[in-house]
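Colleague: Could you have a look at this structure, given as structure tokens, before my questions?
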């Protein structure tokens, strides 16, 4: 049995708490959050004790920590957990500034502890099957990747103000997906953004609608498009085109029902949002983390994956200002 | 918390044990099975105690029983549970002979206990959505129903020998689905069967491939086709056609991935078999049973549903011999 | 250049006139119809001369005739054309009574002229591809066939009164499709019908909604369902299931457009009716007829196909009254 | 009856000759091509006379010309036809250099003759339906457009050498489609290209794989991706996303057949190439041209559409070298 401590009892923390509870190999021993009510709810549902950070990290029975607290606490918690020798599962992003990311990854490396970054979409069955198909040679050499990623509705201003901006908060998942599928590191990024959905984005100097082009050294190309509002629900698709075929993963629907009527043939909208679409992938990434601890394997995606997606976001942001291909920091 | 006792620790029993364990409103207090190893496995996973039938039924804390034992024990167990005043969830069929079914339902009625029959497909999200669409008037008046139901591969001879035959064991689910969707009781049944897949069916005087036509008093028509072998996996579809449209529920697939290659556009086969396709519906039917106990509601599908599907199977069997429309017993 | 004479300048006659005009190998030399305006329209569009029956048949330049006149004239015209040594393309049905069909086929046989019956659906690209797939072994041994055939709206009473009834007028196409796909002759027919759509059908002693089951000697089974009204348009699908797979042909749509909105994902309804769905197949069957004349090949489907579909319709009608499997006349 | 003269008896010329022959409102009076055999083939099939350019333009009966000759003759022919007062249908591109395009459009404007440019995809039923849906408000305000356009296989080196390069020859269609769907003129273009398919493209200083981003003044964004080789056939899709929904047009297939087997569910590949996919749209654009002449309407797409697509191609080419957003010439 792997004993874990959870930092953060908010929405994502609760998802992870449930995932741990459903995993016969793991137990949630501690939940850490100063918001008493939220922590209490998780404690009641899972049997976890509510303690503070230092107590959790001081318990030698704790094999790993799950960091799902506010973004600006991720790096500090990860550094402390690394110092305590704990395996670390850290929600993305590690931090909104690169120097803190670098510092965190250096600490993790020094400590030699397992570190998994929360790019849960890699554990979505359909995206995973696309990657497996690529690895099995079903598209031949990858040449073009197209990623569509649109939220059903924008977040509220309070969240947006601290989110780091669209590229760092939303596109970051797509940057990781691009790396997951391209088979080569992007070396140049072009990005352009607009404010078409909600004036709050313009007010914050942010975008609500973007298009990105990534290019690798050998010339493989990837397109990403994002919008913060899709009236038909969460739109999450990938397409990988290569020398011997194409693999596509479409949206998932609640049912397989089709209605034929005078107005046309109607099928379900996609599952509404990430809680529905990625419910399984959240559970799967935690199962993988636990198995890695148990079996002494290196977890994936790892710290480097967290860093590289950040670097793509930084270059995209720069490109959206310069109007040109921006290089990506090498290491 | 609703305390339950489970009779039968086999495949379906294990599914129900897991469903109860995942239900925060219920607890599996007892598991009853003379096969020690199977019972022990469930006990270990759920914390249930292994007791005998009488002990389980004698415990006043037990609110309900889940009968998932061998088919020929269902009726006896249900009668005993009814006498003990327990709510009953009973796997289909109640019994292979009509007189035992009648006796069982009489006992349940006398005792006035809640009784739910295990027609889990009514809880499949897609089939449920079709029914909800009918109720919402999306097809207008129902006129034609087409039910396709094919297993990936035939059962083994040992099972087939005690199954009661295809109509009573396999088509029974489709008879219930027909009733679920038709909105009227079928009053006549035509059925014809062949042995095309495996000689063991002919040897047992059974069929492996059948077509059925049901007719209601007002002239609504329903077609069912079954095969015990579909090389592409479990094929479970329904189609309801009416005066203002059609609703169809298709198969479900593991992923949404599509491959385009020189040989065509390829998508996933359906989920392989009932454990995969109906995993959610098994859990949902148990949640519904528990909620009915908790809230004092009458569970659905009920004893009458168990009986009426049996009566359709009996008439189908008679028709497959007589070559003509056979009436269905009224009550 | 193959010179043809067309009997009948109505809706189907006009379709065939266009098909001949578009065929570089054929020329429409004569159109025969006492309805002057209709004949004139075709003459103007194609350059055909308007003549009477005897003149058309007496011209030795005429290699073949296309019979698209009223149903009760088909047999007489075919017998006269056979006597004149012309190749015959005859719209279905040959006649509504079996003795006239027998007489017609005997005359055709005696004359030794090529005879093609107008089962145009055999030339639909999708149904043809299903048959080709069967011939190529893609489903293995055929076991189950399901044919869905629904018109968008019922014909008017004047037409229905002389149509011969649903089995002989509408299901006849599906009986031919069943034979096209089953790979064996059906030997028994079960049919049941209802009046659910329009009271005129009951008034005429006809049905507007039917289900049929066909059975071959070796036990292959086929289901057909018909309705005279589908609010979403012409519904024409087939499904062939066998020992190593399934082939399905679905409806065709005007465009590939899909709309995602708050109400769901909406795609096109099927092409509205037979003029749209089978436009290509009408042209293709005429091209085949012309090529057969040119190359001295025996056309398909032939006179036997016209007869056997009729025999199935007769048995279906008998079954709908007797409530039992009815045998099909052997020859 | 509208009399037309055709310049160019090659592949596209033959398509247009057939389209004119099938149009009851038009007649192909002349075909002009120094390649005698090709001209003879069209003359034989349509009854057109073979004449030289000046004779065709001198005939006052000729209402319009169809220019489908070699690219570098388009502008000269159009200028001569304009001087002769003929309506002009001109295959894209007008010319490979902008100054000749400008000169040609000036001549057309001076002469005041109708001018239609051969962007046939605007007449594809599915793309047209997307545009109609936009005009009907089905996506609300357009925000994102994604255009996928991939050929089944690259052209040969001889063609590529004179094609003007991928942006001017292939992407040009997609630039027009972008304008057709965006509802606003793109003001900036970003493009990047690779040589991944065939070394001949590198040798010619061209690309075989490209990604483009277009941006309009108000911030609407459009992505285009191209490859010269898709092993599964011609891949032609568009997606338009806006404030109240999304419209997508997918590929078209030869049949609606689906095979379910042990390897998955397999459907048809797209129609193989432009001759199959756009057969109908070639005929439709000519019908539209003829109707415009007949009814005195201004044809669409017009000369400005030919110019603006060229300007986008020029900016794309510049961007692929500069690595930055390039502005588009205003007029």
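The values are calculated or read from the model by the stated rules, or taken from the named source; none is laboratory data. Just so we're clear, the structure is a prediction, and the values are computed from it rather than from any experiment. So basically every Cβ, Gly included, is an ideal-geometry build from the backbone, and we count neighbours across all protein chains shown.
Colleague: Out of region B:240-254, which residues are buried (at least 18 other Cβ atoms within 10 Å of the Cβ) and either facing another protein chain (nearest Cβ under 8 Å) or out of contact with any strand residue (DSSP E or B) (no Cβ under 9 Å at 6 or more places or on another chain) (or both)?
Modeller: Keep residues of region B:240-254 that are buried (at least 18 other Cβ atoms within 10 Å of the Cβ), which gives B:240-242, B:245-253.
B:241, B:245, B:246, B:247, B:248, B:249, B:250, B:251, B:252 - these are the residues of region B:240-254 that are buried (at least 18 other Cβ atoms within 10 Å of the Cβ) and either facing another protein chain (nearest Cβ under 8 Å) or out of contact with any strand residue (DSSP E or B) (no Cβ under 9 Å at 6 or more places or on another chain) (or both).
Colleague: Based on what the data block shows, is residue A:224 buried (at least 24 other Cβ atoms within 10 Å of the Cβ) and either more than 13 Å from chain D (Cβ to nearest Cβ) or part of a strand (DSSP E or B) (or both)? Show your work before the answer.
Modeller: Working: buried (at least 24 other Cβ atoms within 10 Å of the Cβ): yes; either more than 13 Å from chain D (Cβ to nearest Cβ) or part of a strand (DSSP E or B) (or both): yes.
The answer is yes for residue A:224.
Colleague: Being within 14 Å of chain D (Cβ to nearest Cβ), out of contact with any helix residue (DSSP H, G or I) (no Cβ under 7 Å at 6 or more places or on another chain) and free of Cβ contacts under 8 Å to residues at least 60 places away in the same chain is the requirement here; does residue A:196 meet it? Step through it out loud before you land on a result.
Modeller: Numbers: within 14 Å of chain D (Cβ to nearest Cβ): yes; out of contact with any helix residue (DSSP H, G or I) (no Cβ under 7 Å at 6 or more places or on another chain): yes; free of Cβ contacts under 8 Å to residues at least 60 places away in the same chain: yes.
Yes; evaluated as a whole, the condition is true for this residue.
Colleague: While we're here: Tell me, which residue of region D:269-296 that is buried (at least 20 other Cβ atoms within 10 Å of the Cβ) and without any contact (Cβ under 8 Å) to a residue 40 or more places away in the chain is farthest from the other protein chains (Cβ to nearest Cβ)?
Modeller: D:270
Quick grid of which residues meet (1) farther than 30 Å from residue D:253 by Cα; (2) touching a strand residue (DSSP E or B) at 6+ places or on another chain (Cβ under 8 Å); (3) within 14 Å of another protein chain (Cβ to nearest Cβ):
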{"site": "C:89", "(1), (2), (3)": "yes, yes, no"}
{"site": "C:94", "(1), (2), (3)": "yes, yes, no"}
{"site": "C:97", "(1), (2), (3)": "yes, no, no"}
{"site": "C:103", "(1), (2), (3)": "yes, no, no"}
{"site": "C:111", "(1), (2), (3)": "yes, no, no"}
{"site": "C:115", "(1), (2), (3)": "yes, yes, no"}
{"site": "C:120", "(1), (2), (3)": "no, no, no"}
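Colleague: Now for a different question. Filter region C:209-221 down to the residues that are in a strand (DSSP E or B) and either out of contact with any helix residue (DSSP H, G or I) (no Cβ under 7 Å at 6 or more places or on another chain) or crowded, with 23+ Cβ neighbours inside 10 Å (or both) and list them by number.
Modeller: Just the residues of region C:209-221 that are in a strand (DSSP E or B), to begin with: C:209-216, C:221.
Scanning region C:209-221 gives C:209, C:210, C:211, C:212, C:213, C:214, C:215, C:221.
Colleague: Now a separate question. Given (1) surrounded by fewer than 21 Cβ atoms within 10 Å (Cβ to Cβ); (2) farther than 17 Å from residue A:129 by Cβ; (3) in contact with a helix residue (DSSP H, G or I) (Cβ under 9 Å, 6 or more places away or on another chain); (4) touching a residue at least 60 places away in the same chain (Cβ under 8 Å), where does residue A:323 come up short, assuming only one miss?
Modeller: The failed condition is (3).
Colleague: OK, next. Limited to region C:122-152, what total is found for residues that are within 13 Å of chain D (Cβ to nearest Cβ), closer than 30 Å to residue C:75 by Cβ and in a loop (DSSP other than H, G, I, E, B)?
Modeller: The total comes to 1.
Colleague: Within the group B:176, B:206, B:155, which residue is within 17 Å of the chain's Cα centre (by Cα) and assigned to a loop (DSSP other than H, G, I, E, B)? Steps first, answer last, please.
Modeller: Details: B:176 fails: assigned to a loop (DSSP other than H, G, I, E, B); B:206 fails: within 17 Å of the chain's Cα centre (by Cα).
Going through B:176, B:206, B:155 in turn, just one is within 17 Å of the chain's Cα centre (by Cα) and assigned to a loop (DSSP other than H, G, I, E, B): B:155.
Colleague: Any chance you could count how many residues in region C:60-98 are over 22 Å from residue C:39 (Cβ atoms), touching a residue at least 12 places away in the same chain (Cβ under 8 Å) and either in a loop (DSSP other than H, G, I, E, B) or within 16 Å of the chain's Cα centre (by Cα) (or both)?
Modeller: Matching residues across region C:60-98 total 6.
Colleague: So, of the residues in region A:150-179 that are in contact with a helix residue (DSSP H, G or I) (Cβ under 6 Å, 6 or more places away or on another chain) and surrounded by fewer than 21 Cβ atoms within 10 Å (Cβ to Cβ), which turns out to be farthest from residue A:238 (Cα to Cα)?
Modeller: If we take residues in region A:150-179 being in contact with a helix residue (DSSP H, G or I) (Cβ under 6 Å, 6 or more places away or on another chain) and surrounded by fewer than 21 Cβ atoms within 10 Å (Cβ to Cβ), then A:157 is farthest from residue A:238 (Cα to Cα).
Colleague: Name the one entry in B:31, B:66 that is modelled with pLDDT of 95 or more and over 21 Å from residue B:104 (Cα atoms).
Modeller: Matching residue, one of B:31, B:66: B:31.
Colleague: I would also like to ask the following. Could you pull out every one of the helices (runs of 4 or more DSSP H) wholly within region B:262-331 that has 1 or more residues that are closer than 20 Å to residue B:228 by Cβ and under 22 Å from the mean Cα position of the chain (by Cα)? Steps first, please.
Modeller: Numbers: elements: B:274-277, B:279-295, B:303-322.
Output list reads B:274-277, B:303-322.
Colleague: Residue under question is residue C:198, and the condition is that it be at pLDDT 95 or above, under 30 Å from residue C:73 (Cα atoms) and in contact with a strand residue (DSSP E or B) (Cβ under 9 Å, 6 or more places away or on another chain); does it hold?
Modeller: No; evaluated as a whole, the condition is false for this residue.
Colleague: Determine whether residue B:89 is buried (at least 21 other Cβ atoms within 10 Å of the Cβ) and under 30 Å from residue B:241 (Cα atoms).
Modeller: Working: buried (at least 21 other Cβ atoms within 10 Å of the Cβ): yes; under 30 Å from residue B:241 (Cα atoms): no.
Criteria not met by residue B:89.
Colleague: Looking at (1) in a strand (DSSP E or B); (2) in contact (Cβ under 8 Å) with a residue 60 or more places away in the chain; (3) at the interface with another protein chain (Cβ under 7 Å from one of its Cβ atoms), which is the only condition residue B:236 fails?
Modeller: Evaluating residue B:236 over (1) in a strand (DSSP E or B); (2) in contact (Cβ under 8 Å) with a residue 60 or more places away in the chain; (3) at the interface with another protein chain (Cβ under 7 Å from one of its Cβ atoms) leaves (3) as the failure.
Colleague: Looking only at region B:297-320, which residues are farther than 20 Å from residue B:86 by Cα and surrounded by fewer than 17 Cβ atoms within 10 Å (Cβ to Cβ)?
Modeller: Hit for region B:297-320 is B:318, nothing else.
Colleague: Follow-up. (1) away from every other protein chain (no Cβ under 14 Å); (2) touching a strand residue (DSSP E or B) at 6+ places or on another chain (Cβ under 8 Å); (3) at pLDDT below 95: which one isn't true of residue A:305, the others all being true?
Modeller: So the condition that residue A:305 fails would be (3).
Colleague: Looking only at region A:108-144, which residues are free of Cβ contacts under 8 Å to residues at least 60 places away in the same chain and either closer than 30 Å to residue D:228 by Cα or buried (at least 19 other Cβ atoms within 10 Å of the Cβ) (or both)? Spell out the reasoning first.
Modeller: As a first pass, look at region A:108-144 and keep what is free of Cβ contacts under 8 Å to residues at least 60 places away in the same chain: A:110-113, A:128, A:131-132, A:135-136.
Answer for region A:108-144, where residues must be free of Cβ contacts under 8 Å to residues at least 60 places away in the same chain and either closer than 30 Å to residue D:228 by Cα or buried (at least 19 other Cβ atoms within 10 Å of the Cβ) (or both): A:113, A:128, A:131, A:132, A:135, A:136.
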